[in-house]
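See below for the structure under consideration.
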Amino acid sequence: MRNFSIPVLALSVCALALAGCSSDKTIGATAAPKYGPVGCPKPVEGGRGVFALKAGATKKATNLCLEATQASYGGKPAKIIWGTTSPLGPAIAEITSTGSGLDLVVTGGRTGTQMTLQQGSKRLAVNFNINALDGNTEAKSGEISTSTNFQGKVTIPPLRGLNYLDSRGRGSDVGYDGANAFPASLGERGAEGTKESREREVQDGKIELQVEGVNPETGEIFGKFISRQPTGLAALPEELEVRGTFIGTFSKDVK
């Protein structure tokens, strides 16, 4: 009896462990451990001030971060099932006082991230991007406050670039299924592929950053954003809308 009780006890412990660690079977779930999201930094308390820039002055941030919280595709809500744990950034951005307003431009850094959306039974791979963001505001005083909104455009590169299938670029992404050193021999099929490639060209999107907090001591500026842009994929031609929060520390003077 003593020998029999040991295996039974072991099985009971295993059963309890499995019951407590049962995997989530909902759509988009995996058996991987669920850790807390790694989002953008949280703003320091005291963000209700005013950030003043003299005419011609430029402040630079190397840590601009955008964290997506909501998304929709084709006007219909979509759940972000991959991408919330990987915010967009850090990006390099500059704010310049022009005398007639304020300009906000993104000049480098990590300006794009891929997200997977769940819309009904479909999963959508999209390219959320702030590449070459160029926004402005009509704040003639040169001050950034909680009433400041930057509006501008972004440049969206294709999710699958010209050399997605062929890293050497021998076929210029003419739509073939594998690498081919003689794309000219594809005939009508090559023409169709070239037409599809043109649909993957760089496109423009729009973005608005609504400032909700300014900390003049630390240089932090944060708030919410709304981005309306192409998905970066020809198979998903409808508009992608992404909403979320942003934060950046604009504390460095650009000479």
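The values are calculated or read from the model by the stated rules, or taken from the named source; none is laboratory data. The structure presented is a predicted model; accordingly, all values stated were derived computationally and were not measured. Glycine also receives a Cβ, built like all others from the backbone with ideal geometry; neighbour counts cover every protein chain displayed. What goes into the accessible areas is simple: the full protein's heavy atoms, side chains included, and nothing from ligands, DNA or RNA. Shrake-Rupley method; radii C 1.70, N 1.55, O 1.52, S 1.80 Å.
The C-beta contact set for region 31-54 (first residue aromatic (Phe, Trp, Tyr), second residue at pLDDT 50 or above and surrounded by 13 or more Cβ atoms within 10 Å (Cβ to Cβ), distance under 6 angstrom, 6+ apart or interchain) comprises 51/144; 51/214; 51/216. Taking region 121-132 as the search range and keeping residues that are open to solvent by less than 30 Å² (accessible area, probe 1.4 Å) and of a type outside the set (A, V, I, L, M), which one is farthest from the chain's Cα centre (by Cα)? Per the criteria, the residue is 127. Scanning region 37-59 for residues that are touching a Phe, Trp or Tyr at 6+ places or on another chain (Cβ under 8 Å) and surrounded by fewer than 20 Cβ atoms within 10 Å (Cβ to Cβ) returns a single hit, 43. Condition first: outside any strand (DSSP E or B) and open to solvent by less than 60 Å² (accessible area, probe 1.4 Å). Now tell me which residues in region 204-223 satisfy that. 218, 219 - these are the residues of region 204-223 that are outside any strand (DSSP E or B) and open to solvent by less than 60 Å² (accessible area, probe 1.4 Å).
The numbered conditions (1) open to solvent by less than 10 Å² (accessible area, probe 1.4 Å); (2) in contact (Cβ under 8 Å) with a residue 60 or more places away in the chain are all true for residue 118 except (1). Looking at 159, 117, just one residue is in contact with a Leu (Cβ under 6 Å, 6 or more places away or on another chain), more than 15 Å from residue 204 (Cβ to Cβ) and in a strand (DSSP E or B), and that residue is 117. Going through region 80-94 one residue at a time, which ones are more than 12 Å from residue 134 (Cβ to Cβ) and either of a type in the set (Asp, Glu) or in a strand (DSSP E or B) (or both)? 80, 81, 82, 88, 89, 90, 91, 92, listed by residue number. Under the condition of being more than 17 Å from residue 111 (Cβ to Cβ), part of a loop (DSSP other than H, G, I, E, B) and out of contact with any Phe, Trp or Tyr (no Cβ under 9 Å at 6 or more places or on another chain), the residues counted in region 224-255 number 7. The number of residues in region 120-148 that are touching a Ser or Thr at 6+ places or on another chain (Cβ under 7 Å), among the small types (Gly, Ala, Ser) and part of a loop (DSSP other than H, G, I, E, B) comes to 3.
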